[in-house]
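Just below is one structure, and these are the notes that go with it.
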Amino acid sequence: MPNTARWAATLTLTATAVCGPLTGAAVATPAPVAHAASGLYAPSSLVLTTGHGHTAVAVTPERAVTLTCAPTASGTHPAASDACAELRAADGDFDALAARSGVKCTKRYDPVVVTVQGVWRGQRVDYERTFANECVKSTYGTALFTF
């Protein structure tokens, strides 16, 4: 997928997740004050991709998932709740995710690139990381990069 197409898909998914709750707001009746605070949250909607290669620019994504963490965990990520909890614990810092101990991976070099694009707690995210192989990628954190 060309880089332009990747950006278009990311922007479309992000816009849908962020602006979707706003549709129809002009004609909706206001909620009672007691419930008004429960709808206030900073948007957290991400698109994660993975593919084999050295950099995201040179890689065709082989798999992509969406992850929305606010107000509730959802998306196409197979473990959305666990992935959101993991991100909250790391305060949105993808580099803070540590490798699990006790996992044995081969030393075969078959690079895998993971990209994360979207919005985390209202802040734009554009993250890329290259792992030595699929096994190493899956050991970081418990659920976020396992898709």
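The values are calculated or read from the model by the stated rules, or taken from the named source; none is laboratory data. Model, not experiment: these values are computed from the prediction. Cβ placement follows ideal geometry from the backbone for every residue including glycine, while neighbour counts extend to all protein chains displayed. Surface areas here come from the heavy atoms of the whole protein model, side chains and all, with no ligands, DNA or RNA. Shrake-Rupley method; radii C 1.70, N 1.55, O 1.52, S 1.80 Å.
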- [ ] Under 7 Å between Cβ atoms, at least 6 apart or on separate chains: pull out the pairs that start in the stretch 117-128 with a residue that is free of Cβ contacts under 8 Å to residues at least 24 places away in the same chain and end on any residue that is open to solvent by less than 40 Å² (accessible area, probe 1.4 Å).
- [x] Asp126/Gln117
Task: Residue that is without any contact (Cβ under 8 Å) to a residue 12 or more places away in the chain, open to solvent by less than 70 Å² (accessible area, probe 1.4 Å) and not polar (S, T, N, Q), where the choices are Ala143, Ala96 - done: Ala96
Open item on the list: Let me confirm something: among Asp126, Asp91, Asp82, which residue is of a type in the set (D, E, K, R) and part of a helix (DSSP H, G or I)?
Closed with: Asp82
TODO: Kindly indicate whether any position in the stretch 129-139 is in a loop (DSSP other than H, G, I, E, B), open to solvent by 30 Å² or more (accessible area, probe 1.4 Å), among the charged types (D, E, K, R) and out of contact with any Lys or Arg (no Cβ under 6 Å at 6 or more places or on another chain).
DONE: no
- [ ] Under 6 Å between Cβ atoms, at least 6 apart or on separate chains: pull out the pairs that start in the stretch 50-64 with a residue that is over 14 Å from Glu128 (Cβ atoms) and end on any residue that is open to solvent by 80 Å² or more (accessible area, probe 1.4 Å).
- [x] Thr60/Met1
